[in-house]
Amino acid sequence: MKFAYDIIRKPIISERSMEVFVDKDGNEIKKYSFKVPTTANKVEIKKAVEEVFGVSVAAVNTINVTGKKKRMGRYEGRRASYKKAIVTLAKGSKTIEFFDM
């Protein structure tokens with residue numbers, strides 16, 4: 001059995017992930033990015049976000065991110081691959097305070 005805190009590893013805070021999205025009507029769309037295990041599926045991610053942050057989730061999109069190649073002198077290695085989840089909250093849901101500035 002997976003726990004909610006095992007599924008949500010850490011939030012991804014970058015300029016692109018903190019960008020404010022606006023729909024056609026001018027309403028703000030609440031999207032948040034998280035790093036999750038590669039074995040997690042969308043249903044598990046949705047349940048974990050709802051349990052940890054107490055919000056209602058409308059949609060979950062996932063992206064498999066491959067690790068970059070890195071060189072150290074003549075030796076070559078690779079960073080670890082991970083899965084990124086982009087969570088869209090429902091219209092009536094509150095925001096996640098962790099991402100507010």
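The values are calculated or read from the model by the stated rules, or taken from the named source; none is laboratory data. Treat the numbers as computed from the prediction; the structure is a model and nothing was measured. Here Cβ is always computed from backbone atoms with ideal geometry, including for glycine, and neighbour counts include all displayed protein chains. Please note that ligands, DNA and RNA were not included when accessible areas were found on the heavy atoms of the full protein model with its side chains. Shrake-Rupley method; radii C 1.70, N 1.55, O 1.52, S 1.80 Å.
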Sole exception among (1) open to solvent by 70 Å² or more (accessible area, probe 1.4 Å); (2) in a loop (DSSP other than H, G, I, E, B); (3) under 16 Å from I8 (Cα atoms) for E51, by number:
(2)
I'd like the full set of residues that are charged (D, E, K, R) and either more than 12 Å from Y5 (Cα to Cα) or assigned to a loop (DSSP other than H, G, I, E, B) (or both), limited to region 30-45.
K30, K31, K42
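Against the definition (more than 12 Å from the chain's Cα centre (by Cα) and not charged (D, E, K, R)), how does V22 come out, yes or no?
Details: more than 12 Å from the chain's Cα centre (by Cα): yes; not charged (D, E, K, R): yes.
Yes; evaluated as a whole, the condition is true for this residue.
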Being within 16 Å of K83 (Cβ to Cβ) and of a type in the set (S, T, Y) is the filter here; which residues of region 15-56 pass it?
S17, Y32, S33, T38, T39
Restricting to region 1-29, and then to whatever is at pLDDT 75 or above and not in a loop (DSSP other than H, G, I, E, B), can you tell me which residue is most open to solvent (accessible area, probe 1.4 Å)?
Y5
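Of the residues G92, G54, which single one is in contact with a Ser or Thr (Cβ under 8 Å, 6 or more places away or on another chain) and either within 14 Å of A4 (Cβ to Cβ) or of a type outside the set (D, E, K, R) (or both)? Spell out how you get there, then give the answer.
On the way: G54 fails: in contact with a Ser or Thr (Cβ under 8 Å, 6 or more places away or on another chain).
G92 is the lone residue from the list that is in contact with a Ser or Thr (Cβ under 8 Å, 6 or more places away or on another chain) and either within 14 Å of A4 (Cβ to Cβ) or of a type outside the set (D, E, K, R) (or both).
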If you go through region 30-39 one residue at a time, do you hit one that is surrounded by 15 or more Cβ atoms within 10 Å (Cβ to Cβ), of a type in the set (A, V, I, L, M) and touching a strand residue (DSSP E or B) at 6+ places or on another chain (Cβ under 7 Å)?
yes
Residue pairs qualifying under the 7 Å Cβ cut-off, at least six apart or on distinct chains, with the first in region 18-29 being at negative phi and the second being polar (S, T, N, Q) and in a strand (DSSP E or B), are I29/T88
Region 45-56 residues that are under 10 Å from L89 (Cβ atoms), paired with ones that are β-branched (V, I, T) and assigned to a helix (DSSP H, G or I) (beta carbon under 7 Å, 6 or more apart)
V55/V49
